[in-house]
Amino acid sequence: MDDTKPLLFTVGAHQQQPLWKPLSDYYTLAFLNTQAAALANEMGLEAIAVEHHVDADMLNHAQNQAIWVTSIVTEQLKEGALVLDANIPELSHPGLGHWMPTFLHELIVGAIIRAYSAAKLLEKRPSAGVLVHEDVTVEGKGLALFGMSEGLPTLHIPHANHFLSCDGDIHSKVTAEFIGARGTYMRDWYLSKGVPEDKITLVGAPQWDWLYETEEMPTREHARRAFGFDKDELVLCYGTTWFQNTAVWGRGQEDLDEAWLYMLKAAQELKAKLFVKMHPGEVGGREKFYLESMKKHGVSGVIDRKHNEYAMIVSDCLVTQGSSNLAIEAAILGKPSVELWQCGTRYPGWIDGTWGEDLVAKIKAAMEAGPNDDFARVMNYDHDGKAVNRCVEWIRSLCQ
């Protein structure tokens with residue numbers, strides 16, 4: 001391993017995997033995610049797993065620290081002084097005591113170990129900076145705080161555009177010093193949260209560069225043949241989501257199931273086939289629910305979790321259940337989109353939507369309007385497939 005290259009600390013998110021190889025020309029990547037480090041090594045890259053530098057003394061100290069903090073919280077729980085939500089038994093006294101001490105102890109040990117092992121690496125080798133894909137979780141925020149405490153530049157290329165319509169989005173709390181924004185929408189979103197303009201640089205989304213490589217994309221004919229669709233039939237892609245308290249409000253799963261019924265009715269009326277593109281976060285076995293619903297309503301098609309590019313290419317229009325990155329991928333690949341609205345989340349003005357009653361009319365209008373290049377450009381600067389180059393240049397300008 002080339003010890004002359006400075007370290008670049010990162011979590012190891014798959015969204016930033018296209019950056020690993022070009023960055024490894026200038027840095028040794030130090031991953032919090034040990035599996036990501038192993039994958040980088042398999043790719044022939046020089047990479048370090050931070051946790052491999054943990055020793056017994058560090059582990060004992062982290063355990064002791066965690067016990068001390070947990071004991072303080074436990075005393076507060078006994079006194080009934082700690083309440084996260086008085087209306088939910090599991091989030092107030094005495095319900096918190098059933099799970100919080102164990103959870104907190106494990107969380108603290110992991111966070112301290114990561115900080116100690118990263119600090120130990122710094123003693124051995126120079127570091128150029130920190131790169132994260134989010135700065136709100138224990139891993140992302142913890143790594144950013146570690147970098148700031150060590151005087152390192154902390155860079156954040158957000159893993160997603162934030163479409164939540166409330167002011168309480170957790171991503172509003174910014175930790176990293178510099179932001180590499182996907183596009184002008186993301187730039188303006190972070191400006192509205194108080195991030196100084198000179199700390200934001202437009203770079204694009206590196207994980208989408210490959211969608212612009214036409215020779216790597218299946219043709220419409222190939223994609224339809226692969227999934228069993230005839231070349232001339234109408235195919236609608238339905239992008240699902242799942243209920244989670246941080247992203248969807250309202251009636252919960254009931255809202256999502258109601259929207260799905262609107263999708264089925266639209267497919268019936270338009271005599272369309274469905275490509276159900278499931279969100280990877282949906283629970284296992286959810287495929288059976290969609291399959292049985294489609295059979296009940298006389299709608300045929302396919303159900304798939306993984307192949308976003310095929311889902312877009314085979315389809316004539318995308319319908320997303322709530323706002324997500326899927327419509328941006330559709331725009332990049334030249335397909336129109338319609339949003340089935342959900343409480344608390346909404347695409348900005350470039351994508352039309354509905355609660356469901358007039359979904360058929362919205363689908364027809366979207367297909368008539370055609371590809372949404374303006375949406376692709378504001379979401380993924382500069383709609384040219386060159387984000388990796390811009391990201392690497394930006395990172396090198398700050399991490400020297």
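The values are calculated or read from the model by the stated rules, or taken from the named source; none is laboratory data. Fair warning: this is a prediction, and the values are worked out from it, not measured in the lab. All Cβ positions, glycine included, derive from the backbone under ideal geometry; neighbour counts span all protein chains shown.
Is it the case, given these coordinates, that Leu45 is assigned to a helix (DSSP H, G or I) and either touching a residue at least 40 places away in the same chain (Cβ under 8 Å) or touching a strand residue (DSSP E or B) at 6+ places or on another chain (Cβ under 9 Å) (or both)?
No; evaluated as a whole, the condition is false for this residue.
Every residue, every condition in (1) assigned by TED's automatic domain parsing to the domain that holds Val314; (2) buried (at least 18 other Cβ atoms within 10 Å of the Cβ); (3) over 16 Å from Ser300 (Cβ atoms), yes or no:
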{"site": "Trp189", "(1), (2), (3)": "no, yes, yes"}
{"site": "Ala223", "(1), (2), (3)": "yes, yes, yes"}
{"site": "Glu233", "(1), (2), (3)": "yes, no, no"}
{"site": "Asp255", "(1), (2), (3)": "yes, yes, yes"}
{"site": "Met263", "(1), (2), (3)": "yes, yes, no"}
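Selection over region 267-299 of residues that are closer than 18 Å to Gly322 by Cα, surrounded by fewer than 16 Cβ atoms within 10 Å (Cβ to Cβ) and aliphatic (A, V, I, L, M) gives a count of 1. If the condition is being among the hydrophobic types (A, V, I, L, M, F, W, C), assigned to a helix (DSSP H, G or I) and in contact with an Asp or Glu (Cβ under 7 Å, 6 or more places away or on another chain), then region 349-364 contributes only Val360.
Mind checking which residues of region 191-232 are of a type in the set (Lys, Arg) and under 30 Å from Lys21 (Cβ atoms)? Please lay out each step first, then the result.
So the first thing to find is which residues in region 191-232 are of a type in the set (Lys, Arg), and the list is 193, 199, 220, 224-225, 231.
Answer for region 191-232, where residues must be of a type in the set (Lys, Arg) and under 30 Å from Lys21 (Cβ atoms): just Lys199.
Output the number of residues of region 210-221 satisfying the condition of being touching a Gly at 6+ places or on another chain (Cβ under 9 Å) and assigned to a helix (DSSP H, G or I). Before the answer, list the steps.
As a first pass, look at region 210-221 and keep what is touching a Gly at 6+ places or on another chain (Cβ under 9 Å): 210-213.
When the remaining residues are screened for being assigned to a helix (DSSP H, G or I), the result is 210-212.
Total satisfying the criteria: 3.
Selection within region 1-23: residues that are in a loop (DSSP other than H, G, I, E, B) and touching a residue at least 60 places away in the same chain (Cβ under 8 Å). The member of this set that is nearest to Leu155 (Cα to Cα) is Val11.
Filtered by the rule that a residue be under 28 Å from Cys391 (Cα atoms) and either among the polar types (S, T, N, Q) or not assigned by TED's automatic domain parsing to the domain that holds Val174 (or both), region 95-150 gives Ser117, Ser127, Thr137, Ser149.
Among the residues of region 291-310, those that are touching a residue at least 40 places away in the same chain (Cβ under 8 Å) and not acidic (Asp, Glu) comprise Gly301, Val302, Tyr310.
Would you pick out the residues in region 99-132 that are aromatic (Phe, Trp, Tyr), touching a helix residue (DSSP H, G or I) at 6+ places or on another chain (Cβ under 9 Å) and either at pLDDT 90 or above or farther than 22 Å from Thr154 by Cα (or both)? Matches in region 99-132: Trp99 only. Region 139-209 holds strands (runs of 3 or more DSSP E) entirely within its bounds, and those carrying 1 or more residues that are within 17 Å of the chain's Cα centre (by Cα) and of a type outside the set (Lys, Arg) map to 154-156, 178-181.
Among the residues of region 48-68, how many are among the hydrophobic types (A, V, I, L, M, F, W, C) and either surrounded by 16 or more Cβ atoms within 10 Å (Cβ to Cβ) or not in a helix (DSSP H, G or I) (or both)? Full working, then the answer.
Initially, region 48-68 is screened for residues among the hydrophobic types (A, V, I, L, M, F, W, C), giving 48-50, 54, 56, 58-59, 62, 66-68.
Among the residues that remain, those that are also either surrounded by 16 or more Cβ atoms within 10 Å (Cβ to Cβ) or not in a helix (DSSP H, G or I) (or both) are: 48-50, 54, 58, 62, 66.
Residues that pass the stated criteria total 7.
Just to verify a result, which residue in region 367-391, among those that are more than 26 Å from the chain's Cα centre (by Cα) and part of a helix (DSSP H, G or I), is surrounded by the fewest Cβ atoms within 10 Å (Cβ to Cβ)? Checked region 367-391; the qualifying residue surrounded by the fewest Cβ atoms within 10 Å (Cβ to Cβ) is Glu368.
Of everything in region 74-118, what is among the small types (Gly, Ala, Ser) and either in a helix (DSSP H, G or I) or closer than 21 Å to Glu51 by Cα (or both)? Give them in sequence order.
Taking region 74-118 and keeping what is among the small types (Gly, Ala, Ser), we get 80-81, 86, 92, 95, 97, 110-111, 115, 117-118.
Across region 74-118, the qualifying residues are Gly95, Gly97, Gly110, Ala111, Ala115, Ser117, Ala118.
For region 200-210, give me the residue count where each residue is surrounded by 14 or more Cβ atoms within 10 Å (Cβ to Cβ) and either over 10 Å from Gly180 (Cβ atoms) or aliphatic (A, V, I, L, M) (or both).
Residues of region 200-210 that are surrounded by 14 or more Cβ atoms within 10 Å (Cβ to Cβ), as a first pass: 200-209.
Remaining after also requiring either over 10 Å from Gly180 (Cβ atoms) or aliphatic (A, V, I, L, M) (or both): 200, 202-203, 205, 207-209.
Of the residues in that region, 7 qualify.
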